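The values are calculated or read from the model by the stated rules, or taken from the named source; none is laboratory data. Keep in mind that what you see is a predicted model, and the values were worked out from it rather than measured. Note that each Cβ is placed from the backbone with ideal geometry, even for glycine, and that neighbours are counted across all protein chains shown. To get the accessible areas, we keep the full protein, side chains included, count just its heavy atoms, and leave off ligands, DNA and RNA. Shrake-Rupley method; radii C 1.70, N 1.55, O 1.52, S 1.80 Å.
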Amino acid sequence: MLAEKIITQLDGVKTTGQDRWIARCPSHEDRSPSLAIREVDDRLLLHCFAGCSANEIVSAVGLDLSDLFPESRESHKPLSRPFPASDILKCLSFESLFISVCAEHLAQGKPLTDDDRERIHLANRRIRSAIQVGGIA
């Protein structure tokens, strides 16, 4: 299995379907899974909803992009939507929960910390990224 090379190096890996996983991204401080991984034929697709590039992700675990491909590659037509909506929604479920908790704190008159505000910005970036990857925008 091609994905095994990187999955064994990641934290918080969860299977989301056949040849599909989510995990905490190793290239940024990630408290919840934001990295979607999918193995398709001889391709390994990586997408960080916080915006980390594939190169940043593999470099963070001591690999090169070339380590994720078999010796010989056949040409393939590009995938129009490499990540199914179910994977995108699973990655975003925590973002909506976090925003909801922050909204409840504000409704109760509790101030948000600087870390909370920073995390809200991260949630916003992840949601915008999910829209783009999902082919909505």
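For region 27-56, give me the residue count where each residue is among the aliphatic types (A, V, I, L, M) and touching a Cys at 6+ places or on another chain (Cβ under 8 Å). Full working, then the answer.
Residues of region 27-56 among the aliphatic types (A, V, I, L, M): 35-37, 40, 44-46, 50, 54.
Now narrow it down to the ones that are touching a Cys at 6+ places or on another chain (Cβ under 8 Å): 35-36, 50.
Of the residues in region 27-56, 3 are among the aliphatic types (A, V, I, L, M) and touching a Cys at 6+ places or on another chain (Cβ under 8 Å).
Pairing each residue of region 108-133 that is within 16 Å of residue 89 (Cα to Cα) with any residue that is modelled with pLDDT of 95 or more, provided the two are 6+ apart or on different chains, yields no C-beta distance under 7 Å.
For the residues 67, 19, the requirement of being farther than 17 Å from residue 93 by Cβ and touching a residue at least 60 places away in the same chain (Cβ under 8 Å) singles out 67. For the residues 58, 101, the requirement of being among the aliphatic types (A, V, I, L, M), open to solvent by 40 Å² or more (accessible area, probe 1.4 Å) and either at pLDDT 75 or above or not in a helix (DSSP H, G or I) (or both) singles out 101.
Go through region 14-25 and count every residue that is out of contact with any Pro (no Cβ under 8 Å at 6 or more places or on another chain), part of a strand (DSSP E or B) and not polar (S, T, N, Q). Of the residues in that region, 1 qualify.
If you check 65, 45, 35 for being at pLDDT 90 or above and within 15 Å of residue 3 (Cα to Cα), only one passes: 35.
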